[in-house]
Structures are given as C-alpha cells and as structure tokens.
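Presented below is the structure to which this report refers.
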Amino acid sequence: MDVDAMKQYLRETFAGTRVDEAGGDMFFTYDPDGDLPADRWLPFATIVTGDGYDTVSDLSHPGAYRLNMGVPKQTYVAHLGTAPTDRDAEGILVTDAGYAARDQLMPHPVYANQHWISVINPGAATLATTRHLLAAAYDFAVRKHDNHRTRESRERR
C-alpha cells in the first residue's frame with residue numbers, strides 16, 4: 001500500500017480523527033470534538049516519510065514511508081514480545097529488528113519501549129495485520145480519550 005492509500009485508509013476508517021501534517025509527515029489523533037488541549041495531544045498512528053527523526057529506517061528513497069502505531073502493551077507483546085529498553089549511542093532501541101526492512105512488523109526504533117510498532121511500506125506480508133494493529137491503536141486512543149473525559153466530568157461535580 002503506498003503512502004497516499006495509507007493516508008486515505010486512516011482518514012476514512014477511523015472516525016473522530018484529527019490529522020496534522022508537518023514536513024510531509026502525518027499525525028493521526030483521536031479528537032472527536034476538535035478540542036483536545038496541547039498537553040493531551042498524542043497520536044495513535046503516524047506516517048513518517050523521511051529520515052528527519054532517525055536514519056535507521058532508510059526512508060530517503062522515493063515512495064518509502066514508515067507507519068507507526070501506538071498499541072496497548074498486551075497487543076505489542078503478542079506481536080513482538082517484550083518491549084526493548086536498552087539504547088545505542090544514538091538513542092535507537094537495541095533489538096534484533098532490521099529497522100530498514102520493508103513490509104515487516106518491527107519495534108519502533110525510538111518508541112518501542114512505549115509499545116509502538118512500525119512497518120515500512122506495508123504490503124502483502126503485513127497489510128492485514130497492520131490494519132488490525134491500527135484498529136487496536138485507534139480503540140486504545142478512544143478508550144484513553146473517553147476515560148479522561150469521564151474523570152474530568154467527575155472532577156467538575
């Protein structure tokens with residue numbers, strides 16, 4: 001699936017999602033009312049199209065992009081095992097993953113310790129699982145949003 005098709009899929013599939021773009025990268029946040037304050041803004045998925053954040057994914061090629069998904073811990077563990085915690089001198093999490101591999105689920109090179117899963121150019125090998133993971137990330141974002149709103153409501157009483 002190319003980057004434009006993935007962007008369209010995310011926009012059309014996940015209701016209440018705000019999309020912010022910066023430098024060709026896209027950030028997908030659940031914000032159904034469009035009123036999340038800046039300190040509550042956290043995307044459930046991102047699309048990175050270049051090497052501005054790290055170079056281990058080798059996104060400098062035309063058409064290359066990395067899809068990142070923040071999933072619940074149990075989902076991460078079910079797909080990739082225990083999240084890594086050790087980092088190299090550049091701040092990249094140390095794993096056995098080939099961070100530049102295409103169409104392969106892998107830990108996010110920087111945020112896997114926070115249960116983020118990545119895939120570069122999802123295709124035949126990963127697309128079905130990627131869609132499942134995106135749904136899990138979205139559902140997790142919705143639950144966190146709803147729980148926060150409930151707590152706010154109780155505090156106002």
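We did not get these values from a lab; they are worked out from the coordinates using the rules stated. Since we're looking at a predicted model, the values are computed, not measured. Here the Cβ positions follow ideal geometry from the backbone for every residue, glycine too, while neighbour counts run over all protein chains shown.
Coupling constants for the stretch 58-75 follow from the phi torsions by the Karplus curve (6.51 cos²θ - 1.76 cosθ + 1.60, θ = phi - 60°), and in residue order they are 6, 8, 7, 9, x, x, 7, 8, 10, 8, 10, 9, x, 10, x, 3, 5, 5 Hz; glycine and proline get x.
Our helix-only sum for the chain, with -39,500 (n - 2.57) per DSSP H run of n ≥ 4 divided by its residues, gives a mean residue ellipticity at 222 nm of -10500 deg cm²/dmol. When the Cα centres of the stretch 1-70 and the stretch 75-149 are compared, how far apart do they sit, in Å? That distance is 13 Å. Sorting 126-137, 72-83, 104-115 by their mean Cβ neighbour count within 10 Å, with the most densely packed peptide first, gives 104-115, 126-137, 72-83. Net charge near residue 93, counting Lys/Arg +1 and Asp/Glu -1 over other residues with Cβ under 15 Å of its Cβ? Net charge in that neighbourhood comes out at -3. Taking amide H positions as modeled 1.01 Å from N, with prolines and chain starts lacking one, the residues under 5 Å from residue 87 and 5 or more places away or on another chain are 94.
Considering only beta bridges that DSSP places wholly inside the chain, some 95 percent are antiparallel.
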